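Below is one structure, written out as structure tokens; the observations come after it.
The values are calculated or read from the model by the stated rules, or taken from the named source; none is laboratory data. Just so we're clear, the structure is a prediction, and the values are computed from it rather than from any experiment. Here the Cβ positions follow ideal geometry from the backbone for every residue, glycine too, while neighbour counts run over all protein chains shown.
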Amino acid sequence: MNKRRVIYEGKAKILYEGPEPGTLIQYFKDDTTAFDATKKAVLDGKGVLNNRISEFVMTHLTSVGVPNHFIRRLNMREQLVRKVDIIPLEVVVRNIAAGSLSKRLGIPEGQSLPRPLVEFYFKNDALHDPMVSEEHIAAFGWATAQEYDDIIAMALRVNDFMSGLFAGAGIRLVDFKIEFGRWFENDHDMPRILLADEISPDSCRLWDAKTGEKMDKDRFRRDMGGVTEAYAEVARRLGIIRESGEETDNVIHFTGGSK
Ligand code: TMP
């Protein structure tokens with residue numbers, strides 16, 4: 001095994017130095033955590049599924065013009081991505097009340113929201129990712145006014161596109177969390193905002209459109225079992241894997257040579 005330099009290790013992924021300047025290798029672990037990693041498990045095959053699902057979503061987002069860090073998948077657990085400086089915000093978009101919104105405001109889970117809500121949380125585990133407003137983001141310089149506007153516009157575009165993508169697979173996109181980074185293309189002074197991190201059942205709430213059954217990480221958070229089975233069902237419905245679990249070839253590749 002060749003030794004690669006670890007740039008960052010998170011709870012569910014590892015970032016290694018990439019083969020070319022300005023790139024990183026994003027490795028998807030089977031490790032799963034919740035509630036600031038007070039709850040932990042290793043779920044066999046979860047990383048493989050999230051690598052494929054995130055590839056699928058990011059590739060489609062590229063095709064509709066949402067700039068993101070994904071370059072190509074390298075193997076079962078790794079993808080090549082652009083190196084960005086992560087903005088320390090978790091951006092949550094909600095279509096249906098659930099999770100912390102229901103808890104905080106007493107809105108019953110499952111109630112449709114009058115319009116999509118965009119929320120910001122400061123990425124800091126020690127502080128339990130506290131919710132912040134535009135005021136905090138501006139005052140503490142986490143993003144410029146232009147970046148803030150770009151992030152909201154991109155988050156809503158991601159929501160529109162993904163809602164349709166999942167609806168076509170019989171799945172309701174309840175809410176999701178995304179992260180953004182600054183990309184210094186060819187070392188230009190002015191960075192571009194790119195969607196980064198991952199989009200997978202670890203970072204979305206996905207409910208079966210007919211039965212309402214949960215197909216996301218809430219199965220782990222709430223001890224419901226069948227976590228990877230649900231992720232595999234998401235992948236099957238999106239056409240990423242076949243009934244038997246093997247890969248299909250109808251995944252679009254814009255960057256070529258991704259196997
Ligand atoms: P919440 O209802 O707990 O605030 O979660 C909103 C969405 O964000 C949900 O789809 C799960 C996702 N999420 C993460 O991806 N990471 C996190 O650390 C948290 C708290 C939520």
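Between Pro116, Pro88, Pro108, which is away from the ligand (no atom under 12 Å from the Cβ), of a type outside the set (Gly, Ala, Ser) and touching a Leu at 6+ places or on another chain (Cβ under 7 Å)?
Details: Pro88 fails: touching a Leu at 6+ places or on another chain (Cβ under 7 Å); Pro108 fails: touching a Leu at 6+ places or on another chain (Cβ under 7 Å).
Every option except Pro116 fails the conditions.
State whether the residues of segment 63-83 include one that is buried (at least 16 other Cβ atoms within 10 Å of the Cβ), within 16 Å of the ligand (Cβ to nearest atom) and closer than 25 Å to Met215 by Cα.
Scanning segment 63-83 turns up no residue that is buried (at least 16 other Cβ atoms within 10 Å of the Cβ), within 16 Å of the ligand (Cβ to nearest atom) and closer than 25 Å to Met215 by Cα.
Of everything in segment 152-174, what is outside any loop (DSSP other than H, G, I, E, B), in contact with a helix residue (DSSP H, G or I) (Cβ under 9 Å, 6 or more places away or on another chain) and over 21 Å from Ala97 (Cβ atoms)? Give them in sequence order.
Answer for segment 152-174, where residues must be outside any loop (DSSP other than H, G, I, E, B), in contact with a helix residue (DSSP H, G or I) (Cβ under 9 Å, 6 or more places away or on another chain) and over 21 Å from Ala97 (Cβ atoms): Arg157, Phe161, Leu165.
Starting from residues that are touching a residue at least 40 places away in the same chain (Cβ under 8 Å) and assigned to a loop (DSSP other than H, G, I, E, B), keep the ones in segment 91-122 and report whichever is nearest to the chain's Cα centre (by Cα).
Ala98
Looking at the structure I just gave you, is Arg72 at pLDDT 95 or above and either over 14 Å from the mean Cα position of the chain (by Cα) or under 23 Å from Arg205 (Cα atoms) (or both)? First the steps, then the outcome.
Numbers: at pLDDT 95 or above: yes; either over 14 Å from the mean Cα position of the chain (by Cα) or under 23 Å from Arg205 (Cα atoms) (or both): yes.
In short, yes.
Could you please find all residues in segment 11-40 being at negative phi and loosely packed, with under 13 Cβ neighbours inside 10 Å?
Applying the first criterion (at negative phi) to segment 11-40 yields 11-21, 23-34, 38-40.
Passing the criteria: Pro19, Glu20, Pro21, Thr38, Lys39, Lys40.
Against the definition (away from the ligand (no atom under 16 Å from the Cβ), modelled with pLDDT of 95 or more and on the phi > 0 side of the Ramachandran plot), how does Gly239 come out, yes or no?
Numbers: away from the ligand (no atom under 16 Å from the Cβ): yes; modelled with pLDDT of 95 or more: yes; on the phi > 0 side of the Ramachandran plot: yes.
In short, yes.
Count, please, the residues in segment 138-180 that happen to be free of Cβ contacts under 8 Å to residues at least 60 places away in the same chain, over 18 Å from Leu113 (Cβ atoms) and of a type in the set (D, E, K, R).
Residues that pass the stated criteria total 2.
Say we look at segment 189-214 and pick out the residues that are assigned to a loop (DSSP other than H, G, I, E, B), in contact (Cβ under 8 Å) with a residue 40 or more places away in the chain and more than 11 Å from Ile53 (Cβ to Cβ); which of these is nearest to the chain's Cα centre (by Cα)?
So in segment 189-214, the residues assigned to a loop (DSSP other than H, G, I, E, B) come out as 189-191, 197-203, 209-213.
Now narrow it down to the ones that are in contact (Cβ under 8 Å) with a residue 40 or more places away in the chain: 191, 197-202, 209-210, 212.
Keeping just the survivors that are more than 11 Å from Ile53 (Cβ to Cβ) gives 191, 197, 209-210, 212.
Details: Pro191: 21, Asp197: 6, Ala209: 21, Lys210: 24, Gly212: 21 Å.
If we take residues in segment 189-214 being assigned to a loop (DSSP other than H, G, I, E, B), in contact (Cβ under 8 Å) with a residue 40 or more places away in the chain and more than 11 Å from Ile53 (Cβ to Cβ), then Asp197 is nearest to the chain's Cα centre (by Cα).
Are any residues in segment 32-47 of a type outside the set (Ser, Thr, Tyr) and out of contact with any helix residue (DSSP H, G or I) (no Cβ under 8 Å at 6 or more places or on another chain), and if so, which ones? Give the steps one after another, and end with the answer.
Going through segment 32-47, the residues of a type outside the set (Ser, Thr, Tyr) turn out to be 34-37, 39-47.
Passing the criteria: Lys40, Val42, Gly47.
Which one is nearest to the ligand (Cβ to nearest atom), of the residues in segment 175-188 that are in a strand (DSSP E or B) and acidic (Asp, Glu)? Lay out the reasoning, then the answer.
As a first pass, look at segment 175-188 and keep what is in a strand (DSSP E or B): 175-183.
If we keep only those that are acidic (Asp, Glu) as well, we get 175, 179.
Details: Asp175: 4, Glu179: 9 Å.
The qualifying residue nearest to the ligand (Cβ to nearest atom) is Asp175.
Checking Ile178 against (1) touching a strand residue (DSSP E or B) at 6+ places or on another chain (Cβ under 8 Å); (2) more than 21 Å from Met215 (Cα to Cα), only one condition comes out false. Which one?
Condition not satisfied by Ile178: (2).
Output the number of residues of segment 13-46 satisfying the condition of being under 19 Å from the mean Cα position of the chain (by Cα), of a type outside the set (Lys, Arg) and over 19 Å from Gly225 (Cβ atoms).
Count: 11.
Can you spot a residue in segment 38-49 that is within 16 Å of the ligand (Cβ to nearest atom), over 18 Å from Val234 (Cβ atoms) and without any contact (Cβ under 8 Å) to a residue 60 or more places away in the chain? Steps first, please.
First, pick out the residues of segment 38-49 that are within 16 Å of the ligand (Cβ to nearest atom): 38-41, 43, 46-47, 49.
The next check asks that each one be over 18 Å from Val234 (Cβ atoms); those that pass are 38-41.
Now narrow it down to the ones that are without any contact (Cβ under 8 Å) to a residue 60 or more places away in the chain: 38, 40.
Yes: one or more hits.
Please indicate, with yes or no, whether at least one residue in segment 123-136 is part of a helix (DSSP H, G or I) and within 13 Å of the ligand (Cβ to nearest atom).
Looking only at segment 123-136, we keep the residues that are part of a helix (DSSP H, G or I), and these are 125-127, 134-136.
Right, trim to within 13 Å of the ligand (Cβ to nearest atom) and you get 125, 127.
Yes, there is a match, as at least one residue in segment 123-136 is part of a helix (DSSP H, G or I) and within 13 Å of the ligand (Cβ to nearest atom).
How about segment 143-171: which of its residues are within 16 Å of the ligand (Cβ to nearest atom) and more than 17 Å from Ser54 (Cα to Cα)?
If the condition is that a residue be within 16 Å of the ligand (Cβ to nearest atom) and more than 17 Å from Ser54 (Cα to Cα), then Ile151, Leu156 are the ones that fit.
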